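One structure below.
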C-alpha cells in the first residue's frame, strides 16, 4: 500500500537534500523516489546523507519533467507556502497524510511533490496539484529544509497508515470508482483548451487565468474514469459540431 | 509560552546535525537549545545547516552534563527506541506535543531530550525522563537523522500549540468564495442539457443517465460564482459557434 506513494522532488539543488529525503522516506516506510531534473545526481553527498537508504537512491527515477513524474497518479499533493495569487484547496500535513493513505489504499498512485530549496514550486507546477499542503511554521522563519519537509509529510503518512492497521471495526470502505489518472487529466485539459479556442471562448492571445480556474474546478472533483469518458466525448462532439462535421449521437 | 520549551541534544557527534536541529526548531517557533558536551561546537557545518537560525545557535547553552541541562524543568521527555529492558511510560509524538504544550502553558520549563546519533540515550539518561517518546518508524530502518527527529517533535509541539491558539494549524483560511446557489446550479444544468443536445452529444430520445452523471460530477465540486460564470459563458459561446452565430471572445 505504501508502495503506491511516490515522493517527487523538483529541480533539487543540493544532493545532500536528496539523500536526507531518501533517509526520511525509508524511515517512514516509503520507497518510491522520483527526481525531476535534479542539479546533481547521483552524488557522494546524496549517499552520505542517505545513511543506509541507498536502495531508495538506487531505485530513484530521474525524469525531465514534472508531467512524467506524475504519470499514472490519481492524487497529487504539492507543498506550498501559504500566499498564492490563485487560492487553491489547502491541506494541513495531517489531512495530507490521511488523504494520501486513503487514495493509496484504493490501489492508485499518489504523489507528494516538493519544490526547489529556495523557490518552491512554480505556479504552473502548483496548478497540476489537486491540493496544496502547507506545513505550519514560524511566520518569521518559515522555510523548512527540503529533507525536513519530506520528513514531516512522510511522518504524517506513516501515522495515518498505522491508524488503518488497527483493524477498522466497521470493515473496509466500499470500493471507490477508479479515478482518472494525471496523464488522462492532462490530456483532458489540452483537449478542453483546444475546444475552448475553437468555440471562441478562450483567446490564446489573452488567456488570463481561465485554464488555471478550470484546472482548479475539475482538479477538486476527483473525476472518475466514466466521467472522464463523458467529458472527452462532449469535447469531441462539440468540435465536430463547430466544424460542421457529421457526428453520431452517443453517450458512453 | 513556547519559550518555556527547551531542546536538549546529548553528546552530538556531527555539528551539521546541531545546525539542522536549530533550523527545525526556529521553523517551528522554538528557540531554547541546550547542548550537553557536543563533540564539536561552534563549527562551520552547524552554521551552514542552520541556514539562518544563527540566533538559535548563538543563544545555545553548552553544559557538561544532562543534569545541568535539565535544571529547573518540570517535565522531561526523552526520545527512545521502543525496546528497553526497563519499561517506561511511552508517548507517541502527538501526545508528546500535547503534554509539552500543556506543561509549558502552565509556565514551567519542559525539556525534549535527544540522544547520540548512533547510540541514543543511555539507560541512566532515560531514567531521568518522565516519559519516553518513540517516533513510529520502519522496523527495518528505524533510526532517524537527529535533526529529522527534532523536526518531527517540534512539528507536533507547534501543531498542539496552534490548536490552543484557536487557529487552524495552516493559519486563517482565505475567505471562501461564495458558492453558486441551488437555483443557479439548476439553471446551469438546463443550459448544459440544451447545449449537449445542440452539439449532438445528448439524444433526447435516449438520454440514459447522462445528466445524472454530470449532476453528480458538478454537484460535488462546490462550484463558486466565478466558476459558474465561466461555465455559463462556455455554454453560450458553444451554442453560438454551433449555430454559426457571430460571437466575441470573452472570459469573465
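The values are calculated or read from the model by the stated rules, or taken from the named source; none is laboratory data. Computed from a prediction, not measured in an experiment: that's the story for all the values here. Glycine gets a Cβ as well: all are built from the backbone with ideal geometry, and neighbour counts include every protein chain shown.
Residue by residue, here is whether (1) more than 10 Å from chain B (Cβ to nearest Cβ); (2) modelled with pLDDT under 95; (3) farther than 26 Å from residue B:134 by Cα holds:
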| position | (1), (2), (3) |
| --- | --- |
| A:14 | yes, no, yes |
| A:17 | yes, no, no |
| A:23 | no, no, no |
| A:38 | yes, no, yes |
| A:43 | yes, no, yes |
| A:48 | yes, no, no |
| A:53 | no, no, no |
| A:83 | no, yes, yes |
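Can you find even one residue in the range B:180-196 that is more than 8 Å from chain A (Cβ to nearest Cβ), at pLDDT below 85, within 30 Å of residue A:139 (Cα to Cα) and surrounded by fewer than 12 Cβ atoms within 10 Å (Cβ to Cβ)? Among the residues of the range B:180-196, not one is more than 8 Å from chain A (Cβ to nearest Cβ), at pLDDT below 85, within 30 Å of residue A:139 (Cα to Cα) and surrounded by fewer than 12 Cβ atoms within 10 Å (Cβ to Cβ), which makes the answer no.
Scanning the range B:226-252 for residues that are in a helix (DSSP H, G or I) and surrounded by fewer than 14 Cβ atoms within 10 Å (Cβ to Cβ) returns a single hit, B:243. For the range B:145-156, state whether one or more residues are part of a loop (DSSP other than H, G, I, E, B) and at pLDDT 95 or above. Yes: the range B:145-156 contains one or more residues that are part of a loop (DSSP other than H, G, I, E, B) and at pLDDT 95 or above. For the residues B:124, B:203, the requirement of being modelled with pLDDT under 90 and either part of a loop (DSSP other than H, G, I, E, B) or more than 9 Å from chain A (Cβ to nearest Cβ) (or both) singles out B:124. Within the range A:14-69, being without any contact (Cβ under 8 Å) to a residue 12 or more places away in the chain and either buried (at least 19 other Cβ atoms within 10 Å of the Cβ) or part of a loop (DSSP other than H, G, I, E, B) (or both) holds for no residue.
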